[in-house]
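Each remark here refers to the structure printed beneath this line.
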Amino acid sequence: MRTRILILSALSLGSAVSAFPQHNDYSDGHNWLCKPGRHDACDVDLTATAIAADGKFNKETWAADPAAPIDCFYVYPTVSLEPTTYSGMVPTDAERNVVRQQFARFAAKCRPYAPMYRQVTLAGLRAMLTGAAPGVRLDRGLQYDDVLDAWNYYLEHDHGGRGVVLFGHSQGSFILDELIRNEIDGKPVQARIVSVIAPGATLPMPKAGDAAFPHIPACKSASQTGCAIVYSTFRSNFPPPDNTYFGKVTANDMVAACMNPAALGGGSGELRAYYTSDGRAVGSGTRTKTWVTPDRPVPTPWVTLPGLLTAECKSQGNTTWLEVTVHPNPAGARVNDITGDIMTGGQVNAAWGLHTVDVNLTIGNLVEIVGKQAAAYAAAHH
């Protein structure tokens, strides 16, 4: 029996569900945050400044590729600020911001598809921590039904036999896990899956072998296709505690999946993280006061920090995680740390790790991997 971390809500499930129509109409473009060729949530400025340890700025340009050879289908994490158990279908700044942070950059390598869905909200997430209403889950329910409907609409009307990357985070990863097991794994459409990228969720896999799903292996190289990348990030100085929300399994013959985007073949690798230049990340209220000393304006909306971060998959007992190490340079002019910790009572809540920035920390590596996978997939299906 698979084990998962399941997020529960203390709010009324019955009344929340009954207020919604049974199905969304995904032929309506308003129900998509991103689709190719539109001015939408993916149409944003992703120009970045690479800041070296000595404080030198180097501009990085970015552009979407409208002729990208594959598609990406994205299911965003828990971000809704609505006070109900489930969100509505009107996009807010929360949904648009998470697309900007986590997904829009992939449009350089794939055509972007991102459906709105009626997710379990942050209010529901907070309520679940009381342990009430065990009938509400992240992987099944209204939110899963919406994503399934959007996926089926995409397959029927937009897919056209192209290769597709399935990408999610947190609640989005739980939903994709269920979608893959029910609708994709071992079925004909699996042949069109370029890869699965599902950080921020615990995916138990057998210790023996490399099966992320029964018919989908773990990715072990950037040019491998039809494989999965799953991980949850924690700081090296704050490893997962016993009450961790991520990376822990109960069965002794299983292990939580961890594939390091910076070194898929194993070992340590440098992370290519991207933060907004105001220092804010998904779910983070912390603002970096300055990126360099003495302070000066960053001329782009994004920054990347070469050489600051490395990552390596680590295990202890029944817990496996992607350990992120910060390499400060006290003699340099650049900032020597990152944001993204969840704070409780003024202290780092180690049980969450770096969950809010799982994607920010690895997105440069992931975009590069998707580009290589796209080329490998195109070559194999020429």
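Some values worked out for this structure:
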| read-out | value |
| --- | --- |
| The one condition in (1) in contact with a Leu (Cβ under 6 Å, 6 or more places away or on another chain); (2) of a type outside the set (Gly, Ala, Ser); (3) at pLDDT below 95 that residue 73 fails to fulfil | (3) |
| Residues of the stretch 205-232 satisfying the condition of being of a type in the set (A, V, I, L, M) and either farther than 21 Å from residue 77 by Cα or in a loop (DSSP other than H, G, I, E, B) (or both) | 205, 208, 211, 216, 218, 222, 230 |
| Qualifying residue in the stretch 322-331 (condition: touching a residue at least 40 places away in the same chain (Cβ under 8 Å) and among the small types (Gly, Ala, Ser)) | no |
| Of all residues in the stretch 30-66 being aliphatic (A, V, I, L, M) and in a strand (DSSP E or B), the one that is surrounded by the fewest Cβ atoms within 10 Å (Cβ to Cβ) | 50 |
| Of residues in the stretch 127-173 being at pLDDT below 95 and within 16 Å of the chain's Cα centre (by Cα), the one nearest to residue 88 (Cα to Cα) | 138 |
| Residue check, residue 333 out of contact with any Lys or Arg (no Cβ under 9 Å at 6 or more places or on another chain) and surrounded by fewer than 21 Cβ atoms within 10 Å (Cβ to Cβ) | no |
| Unmet requirement for residue 138, which otherwise passes all of (1) crowded, with 24+ Cβ neighbours inside 10 Å; (2) among the aliphatic types (A, V, I, L, M); (3) assigned to a helix (DSSP H, G or I) | (3) |
| Qualifying positions in the stretch 315-330 - surrounded by fewer than 20 Cβ atoms within 10 Å (Cβ to Cβ) and either of a type in the set (A, V, I, L, M) or touching a Phe, Trp or Tyr at 6+ places or on another chain (Cβ under 6 Å) (or both) | 326 |
| Strands (runs of 3 or more DSSP E) contained entirely in the stretch 264-382, each with at least 1 residues that are under 22 Å from residue 47 (Cβ atoms) | 274-276, 302-304, 309-316 |
| Test for residue 106: is it out of contact with any strand residue (DSSP E or B) (no Cβ under 7 Å at 6 or more places or on another chain), under 26 Å from residue 368 (Cα atoms) and not in a loop (DSSP other than H, G, I, E, B) | no |
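The values are calculated or read from the model by the stated rules, or taken from the named source; none is laboratory data. The structure presented is a predicted model; accordingly, all values stated were derived computationally and were not measured. Heads up, the Cβs are rebuilt from the backbone with ideal geometry, glycines too, and the neighbour counts pull from every protein chain shown.
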